[in-house]
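Asker: Take a look at this one; I'll ask things after.
The values are calculated or read from the model by the stated rules, or taken from the named source; none is laboratory data. Just so it is clear, the model here is predicted, and its values are computed rather than measured. Counting neighbours? That spans all protein chains shown, and the Cβs are built from the backbone with ideal geometry, glycine included.
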Amino acid sequence: MNSTLLKSPSGLLAKVAHCLLVALLPVAACAADKGADNTAATAVLPASGYRTSLVLLGTAAGRTSYNGTSLAGISSALVVDGDVYLVDFGAGWLRRYFQAGLGKMPGKPGLSSLRAAFITHLHADHVVDYPSLFLFGTTDGLAARKNPVRVFGPGPRGSLVPVVGANRTNVPVIHPENPTPGTVAMTESIYAAFANDINDNIRDSQKPDPHTLVAVEDIKVPDGVVVNADRDPAPDMQPFPVYQDERVKVTAILVSHAPVYPSFAFRFDTADGSVVFSGDTSPSPNLIRLAKGADILVHEVIDTKWIDEFLPKPRNAAQEAKARHLLEAHTAVEAVGAVAQASGVKTLVLSHLAPADSTDSRWRRAQEGYSGRVVVGTELTWLSVGQPVFAGMAP
């Protein structure tokens, strides 16, 4: 597996152009200068000659307003022969989609390059900009697609999360008619919330009904796997199929992000190699099973020392509950290397960084217990998968 970083702020255009001309050189030779301003990048070009690439659109965990960071929320894409497969809709994903060059695929302008999207779980930082897909998608290229974009996400939880804390009674329930909606119900609620705007555009600007552009499905967990989601939301199980076309096969597995259920990790198998996205999870045997032998594992990570900085002691009950969730439902930077080693993956890419503004040296502790390559994820980064495929050469 080869990988490269190709960012293109204005001062690097000449360098990138040179890289694209020198197709037979190792891709790493075309990397942008270290220290380039990620947020200033307005275009990112794919590695020349590579058919499949991982693109990091946003790598920040949680609320992207934290400390005023300019980083985008969690979102990644796999590009296979010009088709884009998106994972999660964090804050700013659509802007980064275009800044990354994904809207400039040959013959597939704008979002017409987006073929399918996958949501790991329904925490807000993973779906906060999901409405952009329908609200701006008709203008940004979805209407040019021959077939609807397919969106796959978690189904309904089925029951409310248990109340935590002593002596808490009369806890309010938001939208009691359907308090734990899945992806399909969430999508319809978004349409309802923005009905004024959507109807205005359909009637006045002659835009299509977004239902005709996006086909949404709840991912069904195989029968009999989960007995009680409150006690064990990610029991031992085998990966199961979610989606397949002529370019990719996508499988999923439940991972440990209690009390969230369902929370998925996804594996994408292509002719050039395999890429796995952990979603949010603590160290998970299910994830290790899903990621076995993959080329790239994109894994969430948290700097546990930051928790004490973010929520200094002494804490009140609510702060203690939040700290406990951060510790128990995520993977510490010192623990993620062991997950990658057990999975046998070639490259570990750190993403969903908590906090987004931690230092590179603190993230480098992910190397502990892992003999492979660690990449600290930065947005607008392209990582190639497999070997170059040039015109006239067999894959």
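Asker: Going through region 358-385 one residue at a time, which ones are in a loop (DSSP other than H, G, I, E, B) and more than 19 Å from GLY73 (Cβ to Cβ)?
Answerer: Hits for region 358-385 are THR359, GLU368, GLY369, TYR370, SER371, GLY372.
Asker: Give ARG157, ARG150 a once-over and let me know the one that is in a strand (DSSP E or B), among the basic types (Lys, Arg) and touching a residue at least 60 places away in the same chain (Cβ under 8 Å).
Answerer: One residue alone meets the criteria, ARG150.
Asker: Go over the candidates LEU160, LEU213, LEU135 one by one and state the one that is surrounded by 11 or more Cβ atoms within 10 Å (Cβ to Cβ) and closer than 24 Å to PHE266 by Cα.
Answerer: Criteria check complete, one pass: LEU213.
Asker: With the requirement that a residue be under 19 Å from VAL301 (Cα atoms) and either without any contact (Cβ under 8 Å) to a residue 60 or more places away in the chain or surrounded by fewer than 21 Cβ atoms within 10 Å (Cβ to Cβ) (or both), what does region 71-86 give you?
Answerer: Within region 71-86, GLY73, SER75, ALA77 qualify.
Asker: (1) more than 26 Å from LYS292 (Cα to Cα); (2) exposed (fewer than 14 other Cβ atoms within 10 Å of the Cβ): which one isn't true of GLU328, the others all being true?
Answerer: Going through (1) more than 26 Å from LYS292 (Cα to Cα); (2) exposed (fewer than 14 other Cβ atoms within 10 Å of the Cβ) one by one, GLU328 breaks only (1).
Asker: Looking only at region 326-357, which residues are over 22 Å from GLY58 (Cβ atoms), in a loop (DSSP other than H, G, I, E, B) and of a type in the set (Gly, Ala, Ser)?
Answerer: Result: GLY344, single match.
Asker: Limited to region 188-224, what total is found for residues that are within 28 Å of the chain's Cα centre (by Cα), in a helix (DSSP H, G or I) and of a type in the set (Val, Ile, Thr)?
Answerer: 3
Asker: Then there is this: Please give the number of the condition PHE134 fails out of (1) in a helix (DSSP H, G or I); (2) modelled with pLDDT under 95; (3) over 30 Å from THR378 (Cβ atoms).
Answerer: Among (1) in a helix (DSSP H, G or I); (2) modelled with pLDDT under 95; (3) over 30 Å from THR378 (Cβ atoms), PHE134 violates only (3).
Asker: In this structure, is ALA258 among the hydrophobic types (A, V, I, L, M, F, W, C), out of contact with any Gly (no Cβ under 6 Å at 6 or more places or on another chain), at pLDDT 95 or above and farther than 17 Å from GLY62 by Cα?
Answerer: No, not satisfied.
Asker: Continuing with this model, one more query. Report, by residue number, each residue of region 344-369 that is touching a Lys or Arg at 6+ places or on another chain (Cβ under 8 Å), more than 26 Å from LYS322 (Cα to Cα) and either buried (at least 23 other Cβ atoms within 10 Å of the Cβ) or among the basic types (Lys, Arg) (or both).
Answerer: Within region 344-369, LYS346, LEU348 qualify.
Asker: Quick check on region 103-113. Is at least one of its residues crowded, with 21+ Cβ neighbours inside 10 Å and either in contact (Cβ under 8 Å) with a residue 40 or more places away in the chain or part of a loop (DSSP other than H, G, I, E, B) (or both)?
Answerer: No: zero hits.
Asker: Taking region 162-187 as the search range and keeping residues that are among the polar types (S, T, N, Q) and under 29 Å from the mean Cα position of the chain (by Cα), which one is nearest to ALA229 (Cα to Cα)?
Answerer: THR180
Asker: Assigned to a strand (DSSP E or B), in contact (Cβ under 8 Å) with a residue 24 or more places away in the chain and either on the phi > 0 side of the Ramachandran plot or among the aliphatic types (A, V, I, L, M) (or both): is that true of ALA258 in this structure?
Answerer: No, not satisfied.
Asker: Related question: Could you list all residues from region 215-259 that are hydroxyl-bearing (Ser, Thr, Tyr) and touching a Phe, Trp or Tyr at 6+ places or on another chain (Cβ under 7 Å)?
Answerer: TYR243, THR251
Asker: Turning to a different aspect of this structure: What is the residue count in region 58-70 for residues that are buried (at least 24 other Cβ atoms within 10 Å of the Cβ) and either of a type in the set (A, V, I, L, M, F, W, C) or out of contact with any strand residue (DSSP E or B) (no Cβ under 6 Å at 6 or more places or on another chain) (or both)?
Answerer: Number of matching residues: 2.
Asker: Would you confirm whether any residue within region 87-94 is part of a strand (DSSP E or B) and either more than 15 Å from the chain's Cα centre (by Cα) or farther than 18 Å from ILE302 by Cβ (or both)?
Answerer: yes
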